[in-house]
Amino acid sequence: MSLEALCLECGLCCDGTLFRHVEISVSERQELVSLGIGVGEKSKRGVMWLPCGKLNGKCCTIYEARPGGCRRFVCALGKRLEGKQVTLDEALAQVKDMQERIAALRGVVPPPDGEPVLRYARTCIDSTTTKVTEEQLEAFRHVEELRYTVFMPPPQ
C-alpha cells in the first residue's frame, strides 16, 4: 500500500517532529509500560511521549502493537496520497526534503542526545537567555514552513 510505504520512509509523527505526545487508552498504558515506552498524563488523559522509544530510524518496531492513536493518525501528506492528489514519488520527495531540512537544522542547532531537534530549536528561540543566530533562525523557519504546509493536518 502506498500510505504504508510513505510512513515507513518518514517517521516524522513518531520522532517528535510533528507532535510531543499521542493519546493512549487506559488499556494501552500497561502494555506500553511493559514495552519500556514512556507514558504519562496531559490534561488528565493518558499519553505516550514522543519521540517513541520503539522507533528505529524511521521504522516502528511495534507496528502491529502500536497504540490506537498511532493507528488512526494520517498526516496531511498521507491524506493527499490516499486521495490521489500526489503520487507516492511526489510524497516521498517531500519527506526527503523535510528530512534534509531537519538535518540542516541539526547542523546549526545540535540538540542534546535524545531531544528532537525541532523541539530543542524552538526552546532555544523562545529562550530569553540563548542567543540565536540568523542562520539558526532561518533553518528553523525552513523546517516549520514545510511542517505546516505539507505534514500537519489543517485545523478542524
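Values in this text are rule-based calculations from the coordinates and carry no lab data. Please read all numbers here as calculations on a predicted model, not as lab measurements. A quick note on method: Cβ atoms are made from the backbone with ideal geometry, for glycine too, and the neighbour counts reach across all protein chains shown.
If you plug the beta carbon distance of Leu3 and Glu41 into 1/(1 + (r/R0)^6) with R0 = 30 Å, you get a FRET efficiency near 0.45. A Cβ-based charge dipole, computed about the Cα centre of the chain with Lys and Arg at +1 and Asp and Glu at -1, lands at about 480 debye.
Relative to the Cα centre, the charge distribution of region 75-156, modelled as +1 at Lys and Arg Cβ and -1 at Asp and Glu Cβ, gives a dipole magnitude of about 220 debye. Under 14 Å from a label point set 7 Å out along the Cα-to-Cβ vector of Gln99, the amide N atoms of region 45-66 belong to 56-60.
Computed over the chain with a Gaussian network model linking Cα atoms closer than 10 Å, the most mobile of Ala65, Ala121, Ala76 is Ala65.
Along the positive direction of the dipole of the chain (beta-carbon charges: Lys, Arg +1; Asp, Glu -1; about the Cα centre), which of Val109, Val39, Phe19 reaches farthest? Result: Val39.
Determine, for each peptide in 82-89, 31-38, the mean count of other beta carbons within 10 angstrom over its residues, then list the peptides with the highest first. Before the final figure, lay out the partial values.
Numbers: 82-89: 11.9, 31-38: 14.0.
The packing order, highest mean first, is 31-38, 82-89.
With a cut-off of 8 Å between alpha carbons and a minimum separation of six or more residues, what is the relative contact order of the chain in percent?
Computed value for the chain: 24 percent relative contact order.
Shape class for the chain: oblate, because the ratio a/c of the largest to smallest gyration tensor axis (alpha-carbon atoms, square roots of eigenvalues) is 1.5 or more and b/c is at least a/b.
Note on Thr130 and Tyr63: their simple-model spin labels are 3.4 nm apart, each label 7 Å out from Cα toward Cβ.
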